[in-house]
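Colleague: The structure follows.
The values are calculated or read from the model by the stated rules, or taken from the named source; none is laboratory data. Please read all numbers here as calculations on a predicted model, not as lab measurements. Positions of Cβ are generated from backbone atoms using ideal geometry, with glycine treated the same way; all protein chains shown enter the neighbour counts. For the accessible areas, the whole protein counts, side chains as well, though only heavy atoms, and no ligand, DNA or RNA atoms are used. Shrake-Rupley method; radii C 1.70, N 1.55, O 1.52, S 1.80 Å.
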Amino acid sequence: MNIRRPLCLIGLAYVAAVTALITFMGRGAPTYEPLDRERIVVAGYVDWIEHKILRGEEVQVLSLTDAVVLNENYISSLEQFLSDSEKIPQYRLHSFWKDNKENIQREDAAGIEGVLCYVETGEIPRVGSLVIVQGDYRAFSHATNSGEFDAADYYHILGQQGRLMDSSILAQSRTYDVFRNKMYLAGEYLSLLADACFNAEDASVIKAMLLGEKGTLDADIKELYQQNGIIHILAISGLHLSVIGMGCHKLFRTMRFPKLVNIMLCIGLMYCYGTMTGMGISMLRAYIMFGIHLGAELIGRTYDLLTAVTVAALITLIQQPLYIQHSGFLFSFGAICGIGIFLPAVERNLFGHGKAEKALLSGAAISISTLPVYLCFYYEFPPYSVFLNLIVIPCMTFVLTGGLITLTTAACSLPLGRAAAYPVHILLAFYETCCNLCLRLPDSKWVIGCPKPWQIVLFLVILLGLVVWNQRLSKLHFWQGVLCALLVLTIRLPQGLQITMVDVGQGDCIYLTEDSGIHMLIDGGSSDKSDVAKYQMMPYLKHEGVSYLDAVIVTHPDSDHVSGILEMLEEAEASGITVGCLYLPDVAEAGRNEEYRKLEAAAWNAGVAVRYLGVGDTFRCRKVMLTCIHPEKGWNEAEPNAYSTVLYLEYRGFTALFTGDLEGDGEKLVRERLNKLSVSAKGITLLKVAHHGSRNSTDEAFLQTVNPQIALISAGRNNRYGHPHEELLGRLEDCGCYIYRTQENGAVTVRVRNGRVKVEEYIK
């Protein structure tokens, strides 16, 4: 009896229901920000222990589950209880914790059930033990810009609601999970062998590939693999079970083990391996499918890939429905669905029968199937990854086998282990060479942007249609349909004018685009966020599908306006975003400070043209007109705020004023020039409020001239300057304009189309 279709339909219906429910629920992960930076005490079970690199040093991180933040009145009594726990059976300890944990927790932290504890040097507890840990709480925060990594949602899926930094263990139970702790110790032992046999870089890769230890992975290698689309080889997945699990299965069969004993041993060994490596989502999926495969063999049934993947998906989602938003889940199951559903259709439409063509198009089929997932999380696609994976994936069998032989040999003799590691080193060096070569090729990254939901649905409908009506289509029509599906993901509908104030914390960054294809940045920096280009600016631009900026305009060279721009210029080749021209204020030598010179030098080193803006200079692109109205060319002023570049924008009756950190005499000059442009008669639509809303900027006289309808303020949360100042907010309210702040609203986008102005807040 073939149950594939009804079971797959049930699985599809469940996935659709879960997706719809989560979509309508919206953002649900709490952040517990009131506890941020408070020193607290947490108690919970040690679910797993991993190694991570923190501030250049390797630390151990405890993953606590079933945890609570303790009320200080119960800390000492719980410590005493745990000190006597050697006399308590494990089941009684669990029963005690289940019955009492709600009574001893802090009421303001009732939702915290999982915590990552970065432990100081000292005794590390056993896996499965109940511990009390003290440390400085750090809340996971939500993204405040499109494209930005949402730590709160990501860790909420994994069952974690915060981190404890600089933490120490106050007490721990004597009872623990013996099996899981032994698996952890086995992994630690193998990790030490890897460190002893390989150089530091290779060891970090082998530990990630074989032991699931990604926290110590070399940062450069991780970025290199990710840029080339082969980061998936570091995940413990079906490939590992094919090499290790099926290898053991064939070995036991050769040794003439009874079939039942063979299968039970293989399933047990792979469970031990999965437990030792942390049983990640890809490993869990592969393990379930591996068990179904061997189970089908045991009872004499045909193994069905789609049935197995459906069962694996249902088990995973029933356990944690939020996995439907997890990149690892989507990549893993998407690739298997591509192999089971789309790949057969591709193979039936090959123009030739050569192995090279079949291998190439098979790899392309998997890449096409997972492309929407890739674009939703990375916003770009490395085209050469299709070819690179054809080289990398077949070699992975040798890398994994070589790694296993190295660790096994090293357990007997370290010198022999080091000798066995050399072939693996050669293969990893080959991977690195191939990756670097691909990055040097033209168009090594296609920045496409994040597709809209309707694009993903239409893409999947087209592919499904090609599969269903495959036999009725000619080969040419089939591949035309595939091309049509791919083009759907690249569609960008007309949006008119878009102005986005990106949330960079205490700083400024404004993105401007229009249907004509112009893309500009006005400033880009922060004084309270490090690597602001890497984590806020560039993810936002890539999310929008921007790989080329026609112009980057710097209003003045303070770090909170230029730190991100400096990053972008210095990392232009690796980032995938290039800059056409850098515009700096046209001021005298007195105003060209060290930061100003650094910008010039960074632009020249990156091959970016540098031009200088002064009063009267204009940009025109179709209906968009930008006019510089400050400073005067050759302005002789050393104070950067005073010579901030001010830009006046006009677009089909819509006007906007971008003011940098303008204040004092600069405001008076701008007001006079605006009066000459007759701005005061009708006011402007949008004002970017100067200097993050400081008290000494945007005075009443200036507001009377500008009379804005919308005011945008960019400032960091809880910043030490008190921006925006209450007096300034009062002046804006008296003016009667709508006020939007990145502190409260995250990124703010103003869209102008067909005479209508629409304001969108990222945080509503």
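Colleague: For the chain, what is the charge dipole size about the Cα centre, in debye to the nearest 20, if Lys and Arg each add +1 at the Cβ and Asp and Glu each add -1 at the Cβ? Could you put the intermediate results ahead of the total?
Modeller: On the way: 65 positive and 79 negative charges, 774 e Å.
My answer is approximately 3720 debye.
Colleague: Defining a contact as two alpha carbons under 8 Å apart and six or more residues distant in sequence, what relative contact order in percent does the chain show? If you can, show how the numbers build up before the last one.
Modeller: Details: 1414 pairs, mean separation 66.3, N = 764.
Result for the chain is 9 percent.
Colleague: Can you tell me the length gained on complete extension of the stretch Lys676 to Lys52, counting 0.36 nm per residue apart and subtracting the Cα distance? Let's see the in-between values first.
Modeller: Details: separation 624, 0.36 × 624 = 224.64 nm, distance 6.03 nm.
Gain on stretching Lys676 to Lys52: 218.6 nm.
Colleague: Still on this model: Need the full-extension length gain, Arg418 to Ile299, defined as separation in residues times 0.36 nm minus the C-alpha distance. One decimal, nm.
Modeller: Numbers: separation 119, 0.36 × 119 = 42.84 nm, distance 4.36 nm.
Between Arg418 and Ile299, full extension yields 38.5 nm more.
Colleague: Run the paramagnetic zone check for Glu38: 7 angstrom along Cα to Cβ, then residues of the range 84-112 with backbone nitrogen under 15 Å.
Modeller: Answer for this model: 105-112.
Colleague: With axes computed from alpha carbons, what is the tilt in degrees of helix 259-276 against the longest principal axis of the chain, rounded to the nearest 10 within 0 to 90?
Modeller: Once rounded, the angle reads 30 degrees.
Colleague: OK, next. On a 0 to 90 degree scale, rounded to 10, what angle separates helix 305-319 from the longest Cα axis of the chain?
Modeller: The helix 305-319 is inclined about 70 degrees to the chain.
Colleague: Another question about this same structure. Fully extended, how many nm does the chain gain between Glu571 and Glu347 (0.36 nm per residue separation, minus their Cα-Cα distance)? Walk me through the numbers on the way to the answer.
Modeller: Working: separation 224, 0.36 × 224 = 80.64 nm, distance 4.08 nm.
76.6 nm is the gain from fully extending Glu571 to Glu347.
Colleague: Let me ask another. Please give every one of the lysines within straight-line cross-link reach of Lys633, meaning a C-alpha to C-alpha distance under 21 Å, and leave out same-chain neighbours fewer than 8 residues apart.
Modeller: Within the straight-line limit of under 21 Å, Lys633 reaches these lysines: Lys598, Lys668, Lys676.
Colleague: Right, here's the next one. Quick check on packing: order 421-432, 645-656 by the mean number of other C-beta atoms within 10 Å, highest mean leading.
Modeller: Highest to lowest by the protection proxy: 645-656, 421-432.
Colleague: Hey, another quick one. Order of 267-275, 373-381 by packing, highest average Cβ count within 10 Å first? If you can, show how the numbers build up before the last one.
Modeller: Values: 267-275: 17.9, 373-381: 19.7.
Top to bottom by mean Cβ count within 10 Å: 373-381, 267-275.
Colleague: Hey, what angle do you get for helix 281-299 against the long axis of the chain, alpha-carbon based, 0 to 90 degrees rounded to 10?
Modeller: That works out to roughly 30 degrees.
Colleague: Work out Dmax and Rg for the chain from the C-alpha atoms and quote the Rg first, both in angstrom.
Modeller: Gyration radius and largest Cα-Cα distance of the chain: 29.4, 95 Å.
Colleague: Straight-line reach from Lys259: which lysines fall under 22 Å, measuring Cα to Cα and dropping same-chain residues less than 8 apart?
Modeller: Hits, sequence-local ones excluded: Lys250.
Colleague: Using only the alpha carbons of the range 104-254, what is the convex hull's orientation-averaged projected area in square nanometres? Provide the component values of the computation, followed by the final result.
Modeller: Values: hull surface 53.0 nm².
The orientation-averaged projected area of the Cα hull of the range 104-254 comes to 13.3 nm².
Colleague: Then there is this: What's the FRET efficiency of Trp479 with Leu21 using the Cβ-Cβ distance as r and R₀ = 45 Å, to the nearest 0.05?
Modeller: Values: r = 37 Å, r/R0 = 0.82.
Calculated value: 0.75.
Colleague: Turning to a different aspect of this structure: Using the C-alpha gyration tensor of the range 47-155, what are the square roots of 5 times its eigenvalues, in whole angstrom, with the largest one first? Provide the component values of the computation, followed by the final result.
Modeller: Working: eigenvalues 155, 69, 31 Å².
So the three semi-axes of the range 47-155 are 28, 19, 13 Å.
Colleague: Could I get the Rg over Rh figure for the range 532-664? Both from C-alpha atoms, Rh via Kirkwood, rounded to two places. Let's see the in-between values first.
Modeller: Numbers: Rg = 14.8 Å, Rh = 15.4 Å.
In the range 532-664, Rg relative to Rh is 0.96.
Colleague: Suppose each label sits 7 Å from its Cα in the direction of the beta carbon; what would the Glu726-Phe257 distance come out to in nanometres?
Modeller: 7.4 nm
Colleague: If I take R0 = 30 Å and measure r between the Cβ atoms of Asp734 and Ile763 in this structure, what FRET efficiency does the formula 1/(1 + (r/R0)^6) give, to the nearest 0.05? List each step's numbers first, then the result.
Modeller: On the way: r = 26 Å, r/R0 = 0.86.
Efficiency at R0 = 30 Å is approximately 0.70.
Colleague: With bins 5 Å wide starting at 0, give me the P(r) of the range 373-448 over every alpha carbon pair, in whole percents.
Modeller: Using 5 Å bins, I get a P(r) of 3, 14, 18, 16, 14, 12, 9, 7, 5, 1, 0 for the range 373-448.
Colleague: Please work out the C-alpha center-to-center distance from the range 370-416 to the range 639-695 and express it in whole Å.
Modeller: Each part reduced to its Cα centre gives a spacing of 54 Å.
Colleague: Moving to a separate point now. Over 18 Å between Cα atoms, which of Lys182/Lys222; Lys529/Lys758; Lys542/Lys623; Lys52/Lys222; Lys688/Lys758 qualify? Could you put the intermediate results ahead of the total?
Modeller: On the way: Lys182/Lys222 29 Å; Lys529/Lys758 29 Å; Lys542/Lys623 25 Å; Lys52/Lys222 14 Å; Lys688/Lys758 16 Å.
Check vs 18 Å cut-off fails for Lys182/Lys222; Lys529/Lys758; Lys542/Lys623.
Colleague: Pop a pseudo-label 7 angstrom from the Cα along the beta-carbon direction at both Arg620 and Tyr271 and give the gap in nm to one decimal.
Modeller: Between Arg620 and Tyr271, the label points sit 7.6 nm apart.
Colleague: Moving on. Determine the per residue accessible area of the chain with all protein chains present and a 1.4 angstrom probe, expressed in square angstrom. Could you put the intermediate results ahead of the total?
Modeller: Numbers: 35040 Å² over 764 residues.
Value returned for the chain: 46 Å² of accessible area per residue.
Colleague: Using only the alpha-carbon atoms of the range 304-454 as identical scatterers, what base-10 log of I(q)/I(0) does the Debye formula give at q = 0.10 Å⁻¹?
Modeller: For the range 304-454, the Cα-only Debye profile gives -0.52.
Colleague: Taking every alpha carbon pair in the range 694-753, what does the distance histogram look like in 5 angstrom bins from 0, in percent?
Modeller: Taking all Cα pairs of the range 694-753, the binned fractions are 4, 17, 28, 25, 16, 8, 2, 0 percent.
Colleague: Carbon-plus-sulfur fraction of the accessible area of the chain, 1.4 Å probe, in percent? Could you put the intermediate results ahead of the total?
Modeller: On the way: 19460 of 35040 Å².
Carbon and sulfur atoms account for 56 percent of the accessible area of the chain.
Colleague: What aspartates and glutamates could a cross-link reach from Lys207, if we take a straight Cα to Cα line under 15 Å and drop same-chain neighbours fewer than 8 places away?
Modeller: Glu50, Glu58, Glu188, Asp195, Asp218
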